[in-house]
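Everything below concerns the one structure shown next.
The values are calculated or read from the model by the stated rules, or taken from the named source; none is laboratory data. Computed from a predicted structure; not experimentally measured. Don't worry about glycine lacking a Cβ; one is built from the backbone with ideal geometry, like all the others, and counts go over all protein chains shown. Note: accessible area is taken over every heavy atom of the protein model, side chains too, but ligands, DNA and RNA are not part of it. Shrake-Rupley method; radii C 1.70, N 1.55, O 1.52, S 1.80 Å.
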Amino acid sequence: MQIGPEALATAAVLNKQFALSFGKVAIFFAERFGLRLVPSTIVRALHRAATKALPTYAALVQTVRTSPMVVMDETGWRVHAELQWLWTAVTPTTTVYTILAGRGFAEAACLLGPAFAGVLVRDGWAPYQQFTEAAHQTCLTHLGRRARELRTEYPRSALPGQVAEVLHDALDVRDRYGAGTISEQGAAIARGRLLNRLSTVLDQSTTVVAIRRFVAHLNREWAALFSFLFDLEIDATSYRAEHAIRWAVVTRKMCGGGNRTTRGAVTQYVLASVLRTARQRGLDRHAIFIAMLRAPTPIPLPAFQPRAAPSGPR
């Protein structure tokens, strides 16, 4: 049995966005529309939809690669019951996913391009630092959380708490600028004071091995700590990518930790990229899928043609 464009668009949204299993999607169609389908029919139909979506997906990848700011993250994802990695690269208007065997620079570069020259907002995972053409902003949420954990674990050491205070104050400057209660010049002055404070804190000696490792990490990340205070349109945290990952993790839990086949993995990340980007841009996901499925040949949808996205403050 062949599924029509409207029914297939509904199946894609239910499975890839709302994380309904293929069996539950089949039950929904039977109860709501009287359409009797078996899960395998839905699987094959979504594979066909992903093939149609490949040019649109390629356009989204190109948009990300030419954007002034991209936020990246990754999480474990099983294919053939073997551990692989789901990567995401996010801008304010575009999200792309991919599923690859590794977690290194080569895999990240498959999505972002090895010569990415915008601002890369990311966590402290070392391979991200190999994007040498990019400017960097490390996620302050991750650093602040680690500082608070160390303060709890080692209450006799003042250093972790002092780091947490500096990071909190840096985010406060960002928020005050966004609210219009501090000028750009005021933010620049505050930035200089924060850098001096943090430098003084990190110059302290400590015998606690875990805290020394944290200090060494902060020193390695020094140039990426406060990029968002030099350019106040840069995100200070990787929240965009974390939200995109969380959206995918719901599906991962539904499908037993990943995909059973390589083709299923491709279908997963292609359709999820189109759906989440449509949501970001306020587009009708059903209309997008129907237009894509009815096109005589696979072509990039006009609404998803490559474009650079504005960074937007955070």
For the chain, what does the accessible surface come to per residue with a 1.4 Å probe? Please give it in Å². 46 Å²
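Order the peptides 177-184, 4-11, 83-90 from the highest to the lowest mean number of other Cβ atoms within 10 Å of their residues. Write out the running numbers ahead of the final one.
Values: 177-184: 11.5, 4-11: 18.5, 83-90: 23.9.
The densest-packed peptide leads the list: 83-90, 4-11, 177-184.
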Name the long-range amide H neighbours of H136: under 5 Å, sequence gap of 5 or more, or other chain; modelled H, no Pro or chain starts. L120
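Pairs of Cα atoms under 8 Å, at least six residues apart: use those to get the relative contact order of region 92-240, whole percent. It would help to have the intermediate numbers written out before the result.
Values: 149 pairs, mean separation 41.1, N = 149.
Worked out over region 92-240, it gives 28 percent.
Could you tell me the relative contact order of region 1-144? Use alpha-carbon pairs under 8 Å, at least six residues apart, and round to a whole percent.
Values: 189 pairs, mean separation 22.4, N = 144.
For region 1-144, the relative contact order is 16 percent.
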Among T206, Y239, A59, which residue has its Cα positioned farthest towards the positive end of the charge dipole of the chain, with +1 placed on the Cβ of Lys and Arg, -1 on the Cβ of Asp and Glu, and the dipole taken about the Cα centre? A59
Please find the FRET efficiency linking L54 to A115, where r is the Cβ-Cβ separation and R0 is fixed at 35 Å, and quote it to the nearest 0.05. 0.90
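Between the DSSP loop rule and a limit of at most 15 other Cβ atoms within 10 Å, which trypsin sites (Lys or Arg not before Pro) in region 30-72 are left? Write down the numbers at each step before the final one.
Values: sites: R32, R36, R44, R48, K52, R65; in loops: R36.
Qualifying residues, ordered by number: R36.
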In debye, nearest 20, what is the charge dipole magnitude of region 159-255 about its Cα centre with +1 on Lys and Arg Cβ and -1 on Asp and Glu Cβ, if you could check? 440 debye
Among [x] 22.2, 71; [y] 49.4, 213; [z] 19.7, 62, find the value of Rg and Dmax of the Cα atoms in Å that was calculated from the structure presented, and write down its label. [x]
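Tell me the net charge near I245. Cut-off is 9 Å between Cβ atoms, I245 excluded, with +1 for each Lys or Arg and -1 for each Asp or Glu.
Details: positive: R246; negative: D73, E74, E242.
My count for the surroundings of I245 gives -2.
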Filter the trypsin sites (Lys or Arg not before Pro) in region 110-189 down to the DSSP loop ones having no more than 11 other Cβ atoms within 10 Å, then list what survives. R156
When a/c reaches 1.5 or more, the comparison of a/b and b/c decides; with that in mind, is region 40-100 rounded, prolate or oblate per its Cα gyration tensor? oblate
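Please give me, ordered by residue number, the trypsin sites (Lys or Arg not before Pro) of region 214-264 that lie in loop per DSSP and have at most 11 other Cβ atoms within 10 Å.
Working: sites: R220, R240, R246, R252, K253, R260, R263; in loops: R260.
Answer by residue number: there is no such site.
Using 0.36 nm per residue of separation minus the Cα-Cα distance, give me the extension gain between H286 and W222 in nm, one decimal. All intermediate terms of the calculation are to be shown ahead of the outcome.
Numbers: separation 64, 0.36 × 64 = 23.04 nm, distance 4.54 nm.
Gain in length upon complete extension: 18.5 nm.
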So for each of 54-63, 272-281 I average, over its residues, the number of other beta carbons within 10 Å; can you give me the resulting order with the highest mean first? 272-281, 54-63
Applying the gyration tensor rule to the Cα atoms of region 58-216 (axes a ≥ b ≥ c; rounded if a/c under 1.5, else prolate if a/b exceeds b/c, else oblate), the class is oblate
Would you mind calculating the gained length between V249 and I189 on full extension (0.36 nm times residue separation, minus the Cα-Cα distance), in nm to one decimal? 17.5 nm
